[in-house]
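Beneath this line is the structure, given in structure tokens, with notes to follow.
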Amino acid sequence: MISDFFIARPVLANVLAILMMVIGGVAMFALPVAQYPDVVPPTVQVTTRYPGASARTVVDTVALPIEQQVNGVEGMIYMQSFSGADGSYSLTVTFKIGADLNIAQVLVQNRVSSALSSLPQAVQSQGVVVQKNSTAILQIVTLTSPDSRYDSLYLANYATIKLKDEVARLPGVGNVVVFGAGQYSMRIWLDPNKMQARGLVPQDIIQALQQQSTQVTAGQVGAPPAPSGQSFQYTLNVFGRLSDPAEFAQVIVKTGRAGEITRLGDVGRVELGAQTYAQVFTLDGRPAAGLAIRRPGRTR
């Protein structure tokens, strides 16, 4: 019996016990220790928006091209997507436990890039975001206005501009997600009766805005080759992208044969509001904004 062997040799048994204690002490300082160890598979998330599209349209024009390319990426276990009635799209790709998230993100990004040419132009303009997504939320911080001076839209944008990047740079933080009313956006509410009376359709409004609200370069005056005596070179700054509701209301959307002008304010109203009203965030019944702080995903 093994026990008889060590009972008959107590010195050897003590030496082996001391040796095991020394090895354990050395290993205790060398083994990695994590407060929040990885117990769930790592994920990579793909998000985009198709403004004005229904959930069925998003599935047919956005989800299918992207998922056909991403399906089968190396190390993937499964993937799950969501298409919203507000035109939003989200794809979560789950990888095996222990997978290097940096490599997984690059692999998914390459597959998504192959599908970009098949997506609608509006989606390409919005952009497709591929990022590592940790399922472990360290904490959620909320912003409120005690005197109700600021609404959820203001608080969400304040969190995005002032807090999100600062918190994301802290050690031990992977990424920060802002919950609230979303970003500011210029919203145009069209009157169908007024548009019909003037022979206009929404596409006419879109084209007029694309042509008249754009950032352009006007060039320079006095650039070489210049005549002798030209001492200065000037860069021209012209009025480009619109930023005020009153400016949008003055956009010309149609010109008649007799010179009559139809402006955007004649067929609708313009206001500065939220990009989407599909999300609401409140705290104790009051408008608020939240920051979900996630820990970094595991990398090798």
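The values are calculated or read from the model by the stated rules, or taken from the named source; none is laboratory data. Fair warning: this is a prediction, and the values are worked out from it, not measured in the lab. Cβ placement follows ideal geometry from the backbone for every residue including glycine, while neighbour counts extend to all protein chains displayed. The area values use the complete protein model at the heavy-atom level, side chains included, leaving out ligands, DNA and RNA. Shrake-Rupley method; radii C 1.70, N 1.55, O 1.52, S 1.80 Å.
What figure in square angstrom, to the nearest 10, would you give for the accessible area of Ile18 with a 1.4 Å probe?
100 Å²
Give the residue from Leu107, Ala136, Phe29 lying farthest towards the positive end of the charge dipole for region 6-136; charges sit on Cβ (+1 for Lys and Arg, -1 for Asp and Glu) and the dipole is referred to the Cα centre.
It is Phe29, whose Cα lies furthest towards the positive end.
Explain nothing, just the number: dipole magnitude of region 137-241 about its Cα centre with +1 on each Lys and Arg Cβ and -1 on each Asp and Glu Cβ, in debye rounded to the nearest 20.
Values: 8 positive and 6 negative charges, 15 e Å.
The calculation lands at about 80 debye.
At 7 Å along the Cα-to-beta-carbon direction for both Asn71 and Phe239, put a label point, then send me their distance in nm to one decimal.
Label at Asn71, label at Phe239, 5.3 nm between them.
Near Lys132, which lysines are there with a Cα under 20 Å away, not counting those fewer than 8 places off in the same chain?
Counting by Cα, and skipping residues close in sequence, Lys132 has these lysines nearby: Lys96, Lys164.
Quick one: compute the contact order of region 169-255, relative version, from alpha carbon pairs under 8 angstrom and 6+ residues apart, as a percent.
Working: 46 pairs, mean separation 22.8, N = 87.
It comes to 26 percent, rounded to a whole number.
Keeping every protein chain in place, order Phe29, Phe248 by accessible area at 1.4 Å, biggest value first, i.e. largest first. Walk me through the intermediate numbers first.
Numbers: Phe29 170, Phe248 25 Å².
Reading off the accessible areas and sorting them downward yields Phe29, Phe248.
Could you work out [θ]222 nm for the chain from helices alone, using -39500 (n - 2.57) per DSSP H run of at least four and dividing by all its residues? Round to the nearest 500 deg cm²/dmol. Walk me through the numbers on the way to the answer.
On the way: 12 runs with 97 residues, N = 300.
Value at 222 nm, helices only: -8500 deg cm²/dmol.
Determine the relative contact order of region 1-128: mean sequence separation of Cα pairs under 8 Å and six or more apart, normalised by residue count, in whole percent.
After rounding, I find 30 percent.
Taking region 191-300 as the region of interest, what is the percent of Cα-Cα pairs per 10 angstrom bin, listed from the shortest bin to the one with the maximum distance?
10, 24, 19, 19, 17, 9, 2, 0
From the convex hull of the Cα coordinates of region 50-102, what is the mean projected area in square nanometres?
Quarter of the Cα hull surface area: 4.0 nm².
Quick check: the angle from helix 202-212's long axis to the longest principal axis of the chain, C-alpha only, nearest 10 degrees?
Taking the Cα atoms of the chain, the angle to 202-212 is about 90 degrees.
Give me the percent of accessible area attributable to carbon and sulfur for the chain, probe 1.4 angstrom.
Carbon-and-sulfur percentage of accessible area, whole number: 56.
Convex hull over the alpha-carbon atoms of region 91-231: what's its volume per residue in Å³?
Values: hull volume 45.6 nm³, N = 141.
Expressed per residue, the convex hull around the Cα atoms of region 91-231 is 323 Å³.
How much solvent-accessible surface does Tyr277 expose, in Å² to the nearest 10, with a 1.4 Å probe and all protein chains in place?
130 Å²
What does the C-alpha gyration tensor say about the overall shape of region 59-146? Classify as rounded when a/c is under 1.5, otherwise prolate if a/b is larger than b/c, or oblate. Each step should come with its number before you reach the end.
Details: a/c = 2.08, a/b = 1.14, b/c = 1.82.
The shape class here is oblate.
Net charge around Gly256, counting only other residues with Cβ within less than 14 Å of its Cβ (Lys, Arg = +1; Asp, Glu = -1)? Before the final figure, lay out each step's value.
On the way: positive: Arg198, Lys254, Arg257, Arg263; negative: Asp204, Glu260, Asp266.
The answer is +1.
If you find the alpha carbon centre of region 94-170 and of region 228-288, how far apart are they in angstrom?
A separation of 27 Å, based on Cα centres.
Would you rank Thr217, Thr94, Thr142 by solvent-accessible area, highest first, keeping every protein chain in place and using a 1.4 Å probe?
Thr217, Thr142, Thr94
With every protein chain left in place, what is the accessible area per residue of region 221-261 in square angstrom, probe 1.4 Å? All intermediate terms of the calculation are to be shown ahead of the outcome.
Numbers: 3270 Å² over 41 residues.
Normalised by residue count, the accessible surface of region 221-261 is 80 Å².
Taking only Cα atoms and a 10 Å spring cutoff, compute GNM fluctuations for the chain and point out the largest among Leu12, Leu190, Leu101.
Leu12
In the Gaussian network model of the chain, springs joining C-alpha atoms below 10 Å, which of Met195, Met186, Met79 carries the largest mean-square fluctuation?
The residue with the greatest mean-square fluctuation here is Met195.
Ranked by accessible surface with a 1.4 Å probe, highest first, in what order do Leu31, Leu200 come?
Working: Leu31 115, Leu200 15 Å².
Ranked list, largest accessible area first: Leu31, Leu200.
Dividing the alpha-carbon Rg of the chain by 2.2 N^0.38 Å yields what? Don't skip to the end; give the middle numbers.
Details: Rg = 29.5 Å, N = 300, 2.2 N^0.38 = 19.2 Å.
In units of the 2.2 N^0.38 Å rule of thumb, it is 1.54.
So for the chain, averaging the separation of alpha carbon pairs under 8 Å that are six or more residues apart and normalising by length, what relative contact order in percent results? Write down the numbers at each step before the final one.
Numbers: 470 pairs, mean separation 68.5, N = 300.
For the chain, the relative contact order is 23 percent.
If you put +1 on each Lys and Arg Cβ and -1 on each Asp and Glu Cβ, how big is the dipole of the chain around its Cα centre, in Debye rounded to 20?
Values: 23 positive and 19 negative charges, 35 e Å.
Using only the charged Cβ atoms, the result is roughly 160 debye.
Taking 0.36 nm per residue of separation and subtracting the Cα-Cα distance, what length does fully extending Val59 through Gln211 add?
Working: separation 152, 0.36 × 152 = 54.72 nm, distance 3.00 nm.
The Val59-Gln211 span can extend by a further 51.7 nm.
How much accessible area per residue does region 117-212 have, counting only protein heavy atoms and a probe of 1.4 Å, in square angstrom? Intermediate results must be reported in sequence, preceding the final value.
Values: 6020 Å² over 96 residues.
Result: 63 Å² per residue.
What nm distance separates the two modelled labels at Leu19 and Arg149, each placed 7 Å from Cα along Cα→Cβ?
Each label point lies 7 Å from its Cα, and together they span 7.3 nm.
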